[in-house]
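Just below is one structure, and these are the notes that go with it.
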Amino acid sequence: MNDADKNLMGASAPRKEGRKKVTGAALYIDDISFPGMLYGVTVRSPLARGRVNNISFTGDLPWDEITKVTAEDIPGENYVALILNDQPYLAKDIVNHPEEPLLLLAHENEYLLEKARRSVRIEIEELPAVLNLEDSLNRKHVIWGSDNVFKSFLVNKGDVDQAWSRAAFVIEGTYETGAQEQLYIENNGVIAVANERDGVTVWGSMQCPYYVHKALVKLFNLPEEKVRVIQTETGGGFGGKEEYPSLIAGHAALLAWKSGRPVKVIYDRAEDMVATTKRHPSRTQHRTAVDANGKLLAMEIGFVIDGGAYCTLSPVVLSRGTIHAAGPYYSPNVRIRSSAVATNTPPQGAFRGFGAPQSIFALERHFDRVAKTIGLSPEEFRRRNFIRRGETTATNQVIQEEVDLSALLDRALNLSNYYEKRERFEKENSHSKIKKGVGFASFMHGAGFTGSGEVYLASVVGLEASADGLVRVLSASTEIGQGTNTIFCQIAAETLDLPYESIEITQPDTSVVPNSGPTVASRTCMIVGKLVESAALSLKQTLIGSGLLREGYSPAEFKQACADFHKRFGPLRATSKYQPPENVFWDDEKYQGDAYGAYAWAVYVAEVSVDMYTYEARVEDFVALQEVGKVINPVLAAGQIEGGVAQAIGFTLFENVVWQDGRMVNNQMTNYIIPTAADIPPIHVYFEENPYPFGPAGAKGIGELPMDGGAPAILNAIENATGISFTQVPLMPEMLMNGLGRSE
Amino acid sequence: MDYSITPIAVSLTVNGQSQTVEAFPMERLLDVLREQLRLTGVKEGCGEGECGACTVVFNGEIVNSCLIPMAQVDGSEITTIEGVALADGQLNRVQQAFVEFGGAQCGICTPGMVLAAMNLLERNPHPSESEIRDGLAGNLCRCTGYMKIFEAVLHACESQKEDTLPQN
C-alpha cells in the first residue's frame, strides 16, 4: 500500500491497528492499571420490582475501609442523560428491574470486595411486576408513566381501510422475536479518576465517547470542559456499548469522586449478561391485502417491542423498526402502528440492526405465507411488488436511487442454485430423515440516523497535518472492530494523494477530538467518512490556495508544503461539518418523508437441513448479495457481512435468553450458546456497487444490514424443508420438535 | 478475621524465560500471567473455559488459562501471544495472515485464536477446512463469522515464509 494509492478506496488496505491486535500489544481497558487504583462493584436489586426498605452491611468485614456510594452521594442529577432521563444511576426507594444498581462499593482488594458485595443485606418489599410484552400492553399493572408506553408511532400512507373490500386475498400473521445478547467478547469496563479540582476523566470500552460525556456532565453537574472521556481499544460493541457505558462510567466516577482514588469497574461475563442491555423482544402483526394479480393493495402492521424497565434508546429502536417494517416493496396503502412498552426486566438497548431485524423478520416470513396463500412462488410475489425508482416507501419517501431488486434477486437465486436445490430437495426429502430446504429474504437497511437525526447531530471531523507531513484524523468515531481506523485512513490518503501509512488516527478523547456523533446506525463510513473526505479536500485546498503546493504533488512535496505552512501560518488544520443533501424532507410529527439518505439493498439465501431424529436445524450454506454503494475495503466489508450473518444465525437457531421473574437465568457462555467455528456454514458474500453521491467515493452504510436477512431466510428455508411455517425466533430444537410433531 | 491464605512459590518458564512467582494455590494462571507478569495479551472473556480468549500454550497443549490453578503450574512451560512473534519482532506467518486476510476485527479473541491456529498447524501442517473448524471450535469470535479466520489459516499453511512455531 505504498505508491498505488490513487485507488486506495476500493483496495483492501491492511487493518490499521492489526499488528497491535495480533501481537497482544493492543491495550483494552482491563489491561490498564493506575497506581493506588481501587476496584469497584455494583450491589443490585434481587427483585423485579419493589420498595427498598433498608440496606445494611453484615458480616465481619472492615466496612469502614470500603467506599460506599448510594443515590445520596450523587453530586448532580441521578439519571442517565439520554432521551427521557428516566433511568437512575442508583435506585433510591423503588427498584424497577432485577439487577438494578442500588449501591456501589470500592476497595483495593478484589477478593474482599466480592465478599463485601455478598454481605450487603437488602430488604425489599415486593411490588407486582410486569414481565412480558402482552401484560404490559394489557396494563396488567401500570409500571411506567400512565400507560406503560415509552413511545408510539403511526405511519399512514393512502387509505388502508378502503382496500380490504377490494382485495382478492387478505392474509394475516403474527411473528415474534426474542431477546439477544450482544456478547462482545470483551465485557463492559471503565476506569475513572475524579475529584473536585480536576473534574472527571473516564477511560473505557465504548462506542460513543460523547454520549458518556453528556451523561457525566449531568451526573456531576460539571461544566463540559471538566469532563473527559477516552475510548480505549474496544473488544466488540454491536450496540451493546452504545448507551450502556454511560451507566458504568458514572458508577466508576462516583466511586472515584468519593474515594479520591482511581477506580476500575470491570464486569465479569455473568454480570455483563444478566445486567446489561439486549436486543428488544418483539411481536409483529401483519394484515395484507393483495389483488388478483398478486399486487399489494394494503399493508397493516402492528409492531411492539419490549423496552424493559427504562426508556434508554427504545424510541429510536422503535423508529427504525417501524420504518423498515414495510420492507423494500411498493404498496399504495400502508398503516403501521408501533409502540415500545415497559416491563420490569433490565432495560433493552441498541443491538446491530436496531429494530429492523425484528420487523424485517416478520415481513419476510409473512411474505412467504402471502405468496403460498395466493399461489405464487415466494420470488414471483416479491418481483411483482419490489419498490422501483420513483415509487414511494411507507413514509412516502420517493426512491431516487437506481435500484433493481428483481435483478438482485435473480442474481442471488442463481448464485445459490436456488431453483436446482428446490427441485432436488423436494425429490430427496421424501425418502430422507434429513430434510433439506432453501429460502431467501429480500430487504433494505437505511444508513445513518433516521429522519432529521443527522441534522441535529451536526457531526464534525477534523484533520491536522504536522510540520513533518504526518496527517491525523480527529474524530469521535470509534474503532470497535468494524474498521473505522482503516477506512478513514484510506479515505484521507486517497483524497490527499498520500500513502496509506502517512495517515494516523487520533485516539477518541473528548478533550482532543470533535463530536462526530455516535458510532452507530451504519453511519461511520457513509456520514463520518464523507466528513473525513471533505476535511481532507479542505486541507489540500488550504495548501494549494496558500501557494505552497501544486496539483499533482508528490508525498515529498506535500511534506515540504506542511513544513512551510507551519513556519508561515502556524498549525495546519481543517474541519468539516455535516450538511444534509439538498431536497431532503422529513416530518417528525407525521413520520413522513425521507427517512434515510440512502439504503443498502440485499437478498440473502439460506440452505438448511433439519434432522427429523434430533430436531436440529443447521444452516448448510449461505449466500449474501448486497448493493452497498462503493465498497471502500473489500476484506473489511466482507468481514462485516460474514460477522453479521453469523450473528443472525445465532439469533435464529442458537441464542435463547431464558427469563425467570424478569431475570436472564442462562447468563453464562456455557448455556447461552453463540455459533462456533464448527457451526457456521460457508458464507458467500457478493457486492454490487452503485455509488451514492453523498458517501465517500460513493459508499453507503453496511454495518447493520447483514443482521436483517438471516432469520427470515433461514425460517423460510425450514418451511421449504419441512412444510411447517414457524413464526418465531430463536427456533430451538424443542420448538421444532413440537411444531413438526404436531404435523406428523 | 484473617483474610490471608499462604501463597506458594511456583517455578515456570514463560515465553522462554524461567521465573518463580508467588501465588495462591487456587489462583488462576490467567490472573498471574496478566497481573504479576503483565502479559495482558492473555484476555478474559468468560472465566469458565468457554470462549478461549485466555488461551495459552501449556506444555505444548492449548489450554484455557482461566481454568488452570497455580497449584498445577509448577515446572511448566508456557507460551503466550507475547512470545510468538519472530526474533526480529516480525510477525510470524499466522499473525501476518490474520492481518492480511481480515482474521482480526475487534481483536479481543485474536491472541487466543492465533495461538490455537498455530498449535493446529504445528500438529497438522496442512489441515482441511473441516479440520480448521474443529481445531478452532474452542475459540469464540463474535465479529468475523469465522470465514476470514479460516482464510487466514489456509493462507498461513500455503505461505512459504520460513519461520518456526514455538516448541514446548
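Quick note: the coordinates plus some simple rules give every number you see, no bench work behind them. For clarity, every value in this text was computed on a predicted model and none was experimentally measured. Neighbour counts are summed over all protein chains in view; Cβ atoms, including those assigned to glycine, are modelled from backbone coordinates with ideal geometry.
Things worth noting here:
- Helix content alone sets the calculated 222 nm mean residue ellipticity of chain A: runs of n ≥ 4 DSSP H residues at -39500 (n - 2.57) each, divided across all residues, give -8500 deg cm²/dmol.
- Between amide H atoms placed 1.01 Å from N, distances below 5 Å from A:Asn188 occur with A:Tyr267, all of them 5 or more places distant or on a separate chain.
- Taking the stretch A:645-744 and dividing mean pair separation by its residue count, relative contact order in percent (alpha carbons under 8 Å, at least six apart): 36 percent
- The H on the amide N of A:His684, modeled in the peptide plane, is under 5 Å from the matching H of A:Phe622, A:Val623, A:Ala624, each at least 5 residues off or on a different chain.
- Alpha carbon centroid spacing (whole Å) that separates the stretch A:137-164 from the stretch B:111-160: 50 Å
- Most fluctuating residue given options B:Asp74, B:Asp88, B:Asp31, as computed from a GNM of chain B linking Cα atoms under 10 Å: B:Asp88
- Euclidean distance between Cα centres, the stretch A:550-577 to the stretch A:175-228, Å: 36 Å
- Annotation: chain B has a Kirkwood hydrodynamic radius of 16.4 angstrom, from the mean reciprocal C-alpha pair distance.
- Solution diffusion estimate, µm²/s, Stokes-Einstein, the protein assembly as shown, Kirkwood Rh from C-alpha pairs, 25 °C, viscosity 0.890 mPa s: 86 µm²/s
- Under 15 Å, Cβ to Cβ, from B:Ser18 - net charge with Lys/Arg +1 and Asp/Glu -1: -2
- The A:Asn293 and A:Lys427 beta-carbon pair, evaluated with R₀ = 30 Å, returns a calculated FRET efficiency of approximately 0.45.
- Interchain or long-range residues, amide H under 5 Å from A:Ile387's placed H: A:Tyr329, A:Tyr330
- Share, in percent, of DSSP beta bridges within the protein assembly as shown that are antiparallel, nearest 5: 80 percent
- Summed over all non-identical Cα pairs, the Kirkwood treatment of the stretch B:8-83 gives a radius of 11.9 Å.
- Calculated from backbone phi, Karplus (6.51, -1.76, 1.60) coupling profile of the stretch A:682-693 in Hz, x at Gly/Pro: x, 10, 9, 10, 10, 10, 10, 10, 10, x, 9, x
- Averaged over the residues of A:184-193, the number of partner chain Cβ atoms lying within 10 Å of the residue Cβ comes to 4.
- Alpha-carbon centroids, the stretch A:19-56 and the stretch A:394-452: separation in whole Å: 43 Å
- Computed over the stretch A:1-107, the ratio Rg/Rh where both radii use C-alpha atoms and Rh is Kirkwood: 1.23
- Once C-alpha pairs closer than 8 Å and six or more residues apart are averaged by separation and normalised to the residue number of chain A, the relative contact order reads 16 percent.
- ³J(HN,Hα) computed for each position of the stretch B:112-125 - Karplus, 6.51 cos²θ - 1.76 cosθ + 1.60, integer Hz, glycine/proline x: x, 5, 4, 5, 5, 5, 5, 5, 4, 5, 5, 7, 8, x
- For the stretch A:423-428, backbone phi angles converted through the Karplus equation (6.51, -1.76, 1.60; θ = phi - 60°) give residue-by-residue couplings of 5, 5, 5, 4, 5, 5 Hz, Gly and Pro being listed as x.
- Gyration tensor (alpha-carbon) shape descriptor, the stretch B:93-158, a/c threshold 1.5: prolate
- Calculated P(r) of the stretch A:268-337 - Cα pairs past 17 Å, %: 54 percent
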